[in-house]
Amino acid sequence: MKIKNSILSITFAVGIILFWGACTTSNKSGEQETAEEHSHDEGDEHASTEAMDMSMDESHEDGQENEHGDESMSSMHGDELAWAPSADDSDIFSKSFHFVIGSADDLEATVSGNSVTLNPSGNTAAFVFHNKLGNIGGEVSYMLHDFKGELKLIHHFKDAQNYEFVSVNGNQMKLGRVVNGEEDIFDEKSFDTGSSGWVQLRVSAAGRHFKGYIGDENITHGHGDELEPGYVGMMIDGTGSLMVKDLKVTALDEE
Amino acid sequence: MQLIPEWAPNIHPLIIHFPIALLLFAVFTDTLSVWFQKDWLYKSTLMTYLFGTLGAITAYFTGRIAADTVNPPFKAELTMSNHSDWALYTVIYFSVYTILRLIFIRKLDPANKILRLAVLTVAIAGLYLLIHTGDLGGKLVFKYGVGQFK
């Protein structure tokens, strides 16, 4: 009986040690990844730029023309892709984006300072960064003048029938995805912007969790299956005038 | 008297330590009860599992509410999503485990150490879910500063 108890005790102790070892190994590998992340930080800009260049090359192969050579108004810092319009450029879209629905003519864009005034004609238009991304955080600031319609931050864009989005229409926010042309709404709520000035619209898509923010306030939160990486950008469907600035996208790394 | 202290962003950080402590302690006393076959120790262990699981359920739902009230940086969103998913797995795991332990309270022969160790091993495996969930929660607070400031 004593021998049996001893064997059981040893077996159990070994089990505990193995379990603890597995836990600490998991933590150490996590730390190592973090350390690697840090050590790669300096190189990230180059790596990400290369990735962006590759993406742009792919878009060239796909027939997406870039008439302005290698220079770009969008910049990739670490995992962040940012776009700031410049009054010096005659074409504010083509360097950083390509249109996936409609064209620049549908938006009648004019640069004023660090923002762009859009006068959409009523035809839906969507432009996206050249990079395909998976988990992302995206943000844009907008100011509505007499715009009537829907402004969307789109992500995981595959084609016009398949993408995910957060949209604002007046003070109504919708969070969802379009699958085979059918809209699937994860969450929908109204919000108060407090003033008629600039409003920051933010979206995060992290794993199965999707969130829409106005400024720092979370408005919508929904869940869905994780999709394949896709393009990130904006879609405008309406008429009137609105201004946009500071479109940024952050790639969220897997842990 | 207010339920949530003025400095706390929400009630979640006040709740989460209960399931962590209770479920770890439940496994500890469960281990002791395999060797020291005392009825009071066995019943206390089951009660600790029960309260630990109830604590985990409460922590999960307060966490869901808290997630919509904080403003994490984008870099923290994926960690927050994983924290939420692993918390759900932990809640489901220990809920099923505790319910089965309570249902079969009379069936588990205290003298059958092999069976008792097998049942204990299932609980120890659940601790991995608990530890990983806690690890992600700690990362949210101490790496990304989520919920540190109101």
At 20 angstrom or more along the helix axis (alpha-carbon based) and mean Kyte-Doolittle of 1.0 or higher, what helices does chain B contain? Whole DSSP H runs only. B:17-35, B:113-142
Counting pairs of alpha carbon atoms under 8 Å apart in space and at least six apart in sequence, what relative contact order in percent does segment B:12-142 give? 33 percent
222 nm mean residue ellipticity, helices alone, for chain B (DSSP H n ≥ 4; -39,500 (n - 2.57); rounded to 500): -26000 deg cm²/dmol
Extreme residue, positive dipole direction of segment A:101-176, given options A:168, A:116, A:142 (C-beta unit charges): A:168
Yeah, segment A:69-251 with a ≥ b ≥ c from its alpha-carbon gyration tensor (a/c under 1.5 is rounded, else prolate when a/b outruns b/c, oblate otherwise) is rounded
When the dipole is taken about the Cα centre of segment B:12-142, and only Lys, Arg (+1) and Asp, Glu (-1) are charged at their Cβ, what size is it in debye, to the nearest 20? 400 debye
Counting pairs of alpha carbon atoms under 8 Å apart in space and at least six apart in sequence, what relative contact order in percent does segment A:69-251 give? 30 percent
Rank these residues by their accessible area, most exposed first, probe 1.4 Å: B:95, A:190. A:190, B:95
Trypsin sites (Lys or Arg not before Pro) in segment B:65-127 lying in a DSSP loop, each with at most 13 other Cβ atoms within 10 Å of its Cβ, come to B:106, B:107
Work out the mean other chain Cβ neighbour count within 10 Å for the residues of A:203-212 and drop it here as an integer. 5
Rounded, prolate or oblate: which fits segment B:12-142, taking a ≥ b ≥ c as square roots of the Cα gyration tensor eigenvalues, rounded meaning a/c under 1.5, else prolate when a/b beats b/c? prolate
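The values are calculated or read from the model by the stated rules, or taken from the named source; none is laboratory data. For clarity, every value in this text was computed on a predicted model and none was experimentally measured. For neighbour counting, all protein chains shown are included, and Cβ atoms are generated from backbone atoms with ideal geometry for every residue, glycine included. These accessible areas exclude ligands, DNA and RNA; they are computed on the full protein's heavy atoms, side chains included. Shrake-Rupley method; radii C 1.70, N 1.55, O 1.52, S 1.80 Å.
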